[in-house]
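Reading through the structure tokens given below for one structure.
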Amino acid sequence: MVQIPAEQLKDQLAKEGLITAEEFDAIAAESGRMGQSVAEILISKSIITPDYYFNALSKFFGVALAKLSGRQIDESALKLIDEDLARQKRVVIFAKETDDTLDVAMDDPTDLAAIDFLANRLKAKIRPFLATTDDLNRGFALYGRRSAEDFKKIIEENIQVSLRGELLGKTGKEVAEEIPVVAIVDNLISYAISSRASDIHIEIMEDSVLVRFRIDGALHEITKIPKAVHDAIIARLKLLSALRLDEHSKPQDGRFRYQAGGELMDIRVSIIPTFYGEKLEMRLLAATARAQSFEELGMSEDAVKIFKENISKTYGIVLVTGPTGSGKSTTLYSALAALNKSDVNICTIEDPIEYEMKYVNQMQVNNAAGITFATGLRALLRQDPNIIMVGEIRDSETSDISVQAALTGHLVLSTLHTNDAPSAIPRLFDMKVEPFLVAAVLNAIMAQRLVRKICLDCIESYKATSEIVNTIKSQMKNLGLDAASYTPPKLLYRGKGCSVCGQIGYRGRMGIYEIFDVDEEIRTAIVDPRFNLDVLKKIVRKKNVITMFEDGIRKAERGLTTIEEVLRVIRE
């Protein structure tokens, strides 16, 4: 990201009353320590928004914003350079003017070397525009929209070459080391990255191998490949992950780094034995991803205020709850980023470590070495921590140590698997934590889900039907909410489907949340011998806490997601 000189940015922010000069200087010093730009830290601390900063950049450098979400991208212009080069240079050619000038979206429109490179390569005049990360990703997505037939052709051509190697009597390891199998694996991973997939599943069946990608939380079937080449593909990925090639009857876990264009990816690999052979899953994580601000995650202003107040306390427990894949770890990483300062010692015990964080002491669960959440947490307490992040509280031993840590002056951040925020309390009771201790240590509880965002390139409005309104009211009644007072909107929104979102109508995800402080009234309810979850929920509702469903409905009414998506994740 291109930068405004620090002094000019400080003067502007101070003049607008967004920050004092002293606060800016402290953040500037912190940016040097963290190896991040001042702007990135200002955004992560919610002092400014990305939109604010890009508008300021546009004015400072005198370069127009690309705003690709509101433009039709000319795919013939886009493909004047290939995807790898576009990602490497961080550019998207989105239009060709009548005088043959090329309009180019760039995250650094002051990069004269990149502009000269494009001008000389394409023999054209280049007109630079300032691009946001979303702008670039929107352009890169079009590269990734290769047809399934073209993709299958690439894979099948390489598979046939690999099969010829097997017919010559070569071992799986020998075939895996040959270029065709390398090409198959590289194509799968590159295609997954360009499709914004978070996971790749390679599943062996009776007569073929199914490849599926998880995109924005939903699984999509990509292709089927011959079963005969399965062992070679698995062997290739085992080699990359430093796993045992001769082990086929036990689960194995590993990871490796992969360079795709200008992106460096951490790929986590899990292999398990199944009835027909080994099934492989890869989790794709951007190695250079920054923690998002709470607003970028989708938290409302009220939720951000409550969450920030509670993670700013010096002791106690803050819990984030939800099912697997609901974004709990991402929320905790954002919290750690906000708390990561030179005067605090932050330690974590995680399974697995998903993102590396500078100046955070991260420990990986390793059952083979005797490192569990409980034993790791006990060891961390001897490291003089101020803040501890426990990846998950899943048993009575871990919950007991977490409570003791909170009681002895540590701030503990962790997750639980519950359907809503109030249900976290009886879940702790189930793990043998005494009610008076639960009441003593809990600061706040947040529950969350992830919903898919409507694609901004194909969003359309439509009239809210009586059927949709009745469905919303029915769900509200099921959740014990006041359906009678609900005022339905006149318009709702959805995505028609386009080349940018792959005809799905959704692109990206955001959170829906509910959060409440554990105050004296709630503490009294917790220690009551007649504790009842329904009574607790009534107390929480009386405090006007916005439920996840209500938060989702508000976002659907604003055109951020759809009613159907909110209903889907709430009912899961």
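The values are calculated or read from the model by the stated rules, or taken from the named source; none is laboratory data. These numbers come from a predicted model, not from an experiment. Ideal geometry is used to build each Cβ from the backbone, glycine not excepted, and the neighbour counts take in all protein chains shown. Surface areas here come from the heavy atoms of the whole protein model, side chains and all, with no ligands, DNA or RNA. Shrake-Rupley method; radii C 1.70, N 1.55, O 1.52, S 1.80 Å.
Restricting the search to segment 493-504, which residues are within 23 Å of L567 (Cβ to Cβ) and surrounded by fewer than 21 Cβ atoms within 10 Å (Cβ to Cβ)? Talk me through it step by step, then tell me what you get.
Of the residues in segment 493-504, the ones within 23 Å of L567 (Cβ to Cβ) are 493-497, 501-504.
Correct list: Y493, K496, G497, G502, Q503, I504.
Filter segment 317-353 for residues that are assigned to a strand (DSSP E or B) and among the hydrophobic types (A, V, I, L, M, F, W, C); which is nearest to I41 (Cα to Cα)?
I346
Which residues, taken from segment 198-222, are hydrophobic (A, V, I, L, M, F, W, C) and open to solvent by 10 Å² or more (accessible area, probe 1.4 Å)?
Restricting attention to segment 198-222, the residues satisfying the condition of being hydrophobic (A, V, I, L, M, F, W, C) are 200, 202, 204-205, 209-211, 213, 215, 218-219, 222.
Once the filter is applied, which keeps residues that are hydrophobic (A, V, I, L, M, F, W, C) and open to solvent by 10 Å² or more (accessible area, probe 1.4 Å), segment 198-222 yields I204, M205, L210, I215, A218, L219, I222.
Looking only at segment 223-238, which residues are open to solvent by 30 Å² or more (accessible area, probe 1.4 Å) and in contact with a Phe, Trp or Tyr (Cβ under 9 Å, 6 or more places away or on another chain)?
Across segment 223-238, the qualifying residue is only K227.
Out of Q88, Q12, Q8, which single residue is in contact with a Gly (Cβ under 7 Å, 6 or more places away or on another chain) and of a type in the set (S, T, N, Q)?
Q88
I'd like the full set of residues that are in contact with a strand residue (DSSP E or B) (Cβ under 9 Å, 6 or more places away or on another chain) and among the basic types (K, R), limited to segment 217-240.
K224, K227, K238
List the helices (runs of 4 or more DSSP H) that sit entirely inside segment 448-563 and contain at least 3 residues that are farther than 30 Å from T324 by Cβ. Don't jump to the end; show me each part of the working.
Values: elements: 466-478, 520-527, 533-542, 548-557.
Filter on segment 448-563 gives 466-478, 520-527.
Being under 22 Å from S300 (Cβ atoms) and surrounded by fewer than 17 Cβ atoms within 10 Å (Cβ to Cβ) is true for just one of A483, A421, A444. Which residue is that?
A483
From the list I311, I267, I271, which residue is within 30 Å of A406 (Cα to Cα) and either of a type in the set (G, A, S) or crowded, with 16+ Cβ neighbours inside 10 Å (or both)?
Of the residues listed, the single one that is within 30 Å of A406 (Cα to Cα) and either of a type in the set (G, A, S) or crowded, with 16+ Cβ neighbours inside 10 Å (or both) is I311.
How about segment 325-382: which of its residues are under 17 Å from the mean Cα position of the chain (by Cα), hydroxyl-bearing (S, T, Y) and more than 18 Å from L416 (Cα to Cα)?
Answer for segment 325-382, where residues must be under 17 Å from the mean Cα position of the chain (by Cα), hydroxyl-bearing (S, T, Y) and more than 18 Å from L416 (Cα to Cα): just Y355.
Kindly provide the set of residues from segment 383-407 that are open to solvent by 70 Å² or more (accessible area, probe 1.4 Å) and within 28 Å of the chain's Cα centre (by Cα), ordered by number.
Result: R394, single match.
Pairs please, first residue from segment 268-290 and among the aromatic types (F, W, Y), second anywhere and assigned to a strand (DSSP E or B), Cβ atoms under 6 Å, 6+ apart in sequence or on different chains.
Short answer, once both residue conditions are applied: Y276/I204.
Select from segment 62-100 the residues that are in contact (Cβ under 8 Å) with a residue 60 or more places away in the chain, closer than 15 Å to V500 by Cβ and assigned to a loop (DSSP other than H, G, I, E, B) and list them in ascending order.
A66, K67, I73, K79
With I459, I454, I472 as the choices, which residue is open to solvent by 40 Å² or more (accessible area, probe 1.4 Å), closer than 30 Å to C501 by Cβ, of a type in the set (V, I, T) and touching a residue at least 40 places away in the same chain (Cβ under 8 Å)? Write out each step before concluding.
Values: I454 fails: open to solvent by 40 Å² or more (accessible area, probe 1.4 Å); I472 fails: open to solvent by 40 Å² or more (accessible area, probe 1.4 Å).
The unique qualifying residue is I459.
Going through I515, I526 one at a time, which residue ends up being within 22 Å of the chain's Cα centre (by Cα), open to solvent by less than 30 Å² (accessible area, probe 1.4 Å) and over 30 Å from T465 (Cβ atoms)?
Working: I526 fails: within 22 Å of the chain's Cα centre (by Cα).
I515 is the lone residue from the list that is within 22 Å of the chain's Cα centre (by Cα), open to solvent by less than 30 Å² (accessible area, probe 1.4 Å) and over 30 Å from T465 (Cβ atoms).
Could you please give the count of residues in segment 29-67 that are touching a Pro at 6+ places or on another chain (Cβ under 7 Å) and open to solvent by 20 Å² or more (accessible area, probe 1.4 Å)?
Counting residues in segment 29-67 that are touching a Pro at 6+ places or on another chain (Cβ under 7 Å) and open to solvent by 20 Å² or more (accessible area, probe 1.4 Å) gives 2.
Within segment 522-536, can one find any residue that is basic (K, R) and under 22 Å from S474 (Cβ atoms)? Even if it seems obvious, please write down each step before you answer.
Applying the first criterion (basic (K, R)) to segment 522-536 yields 523, 530.
The next check asks that each one be under 22 Å from S474 (Cβ atoms); those that pass are none.
No, that holds for no residue.
Could you say whether any residue in segment 498-506 is at pLDDT 95 or above and in contact with a Lys or Arg (Cβ under 7 Å, 6 or more places away or on another chain)?
no
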